[in-house]
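A short worksheet on the structure shown next.
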Amino acid sequence: QREKIMEHAAKVANPFQTRLRKLADHPLVGEARGVGLIGAIEFVAEKATKRQFDAKKQVGATAIGILQEHGVILRNVQDSICFCPPLVITTDEVHEMFDLVEKGLDAVEAWVRKENLRSA
């Protein structure tokens, strides 16, 4: 309360949600959703139909490893990636995090194509 963390989080939530929603444009992402400083993206094999990847292909788990190699620690729930940064994150750190996530998603997309994981 003294450090006004909740007020700070409310201010940072806007750029966080803007960058999160932008991830919906990525070829892997079927949905980007969130509120405040909490969010998730869901991977899909086919954007138009939102067809999921075969669970055995473990796209979410592999994506977590690739994202970690790019400097971002997130967690997956099946083929969704969850965001829950500390409430003291700065706007610059939000942008840095999403810049790294975007690069990581491009690497995940390259892996998906290389392994032909979109085949039904």
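Annotations for the structure displayed:
- Take region 1-86 with all the other protein chains still there, run a 1.4 Å probe, and you get 59 Å² of accessible area per residue.
- Distant-in-sequence amide contacts of GLU46, defined by a placed amide H-H separation under 5 Å and a gap of 5 or more residues or a different chain, comprise ARG51.
- Based on C-alpha pairs under 8 angstrom that are at least 6 apart in sequence, region 62-120 has a relative contact order of 39 percent.
- Cα long-axis angle, helix 5-22 against the chain (0 to 90 degrees, to the nearest 10): 30 degrees
- Of LYS11/LYS103; LYS22/LYS114; LYS57/LYS114, those spanning more than 19 Å from alpha-carbon to alpha-carbon: LYS11/LYS103; LYS22/LYS114
- Per-residue 3J(HN,Hα) values for region 25-33, derived from phi via the Karplus relation 6.51 cos²θ - 1.76 cosθ + 1.60 with θ = phi - 60°, read 6, 5, x, 7, 9, x, 7, 10, 9 Hz in sequence order (x marks Gly and Pro).
- Sites ASP106 and ALA61, calculated FRET efficiency, Cβ-Cβ separation with R0 25 Å, nearest 0.05: 0.85
- One entry in [x] 64, 28, 17; [y] 54, 28, 20; [z] 41, 31, 24 is Cα extents along the principal axes in Å calculated from the shown coordinates; its label is [y].
- Apolar share of the accessible surface for the chain: 53 percent from carbon plus sulfur atoms, 1.4 Å probe.
- Mean separation of Cα pairs under 8 Å and 6 or more residues apart, divided by the residue count, gives the chain a relative contact order of 26 percent.
The values are calculated or read from the model by the stated rules, or taken from the named source; none is laboratory data. Predicted, not measured: the structure shown is a model, and the values here were computed from it. Don't worry about glycine lacking a Cβ; one is built from the backbone with ideal geometry, like all the others, and counts go over all protein chains shown. The protein model used for the area step is the full one, side chains on, heavy atoms only, and it has no ligands, DNA or RNA in it. Shrake-Rupley method; radii C 1.70, N 1.55, O 1.52, S 1.80 Å.
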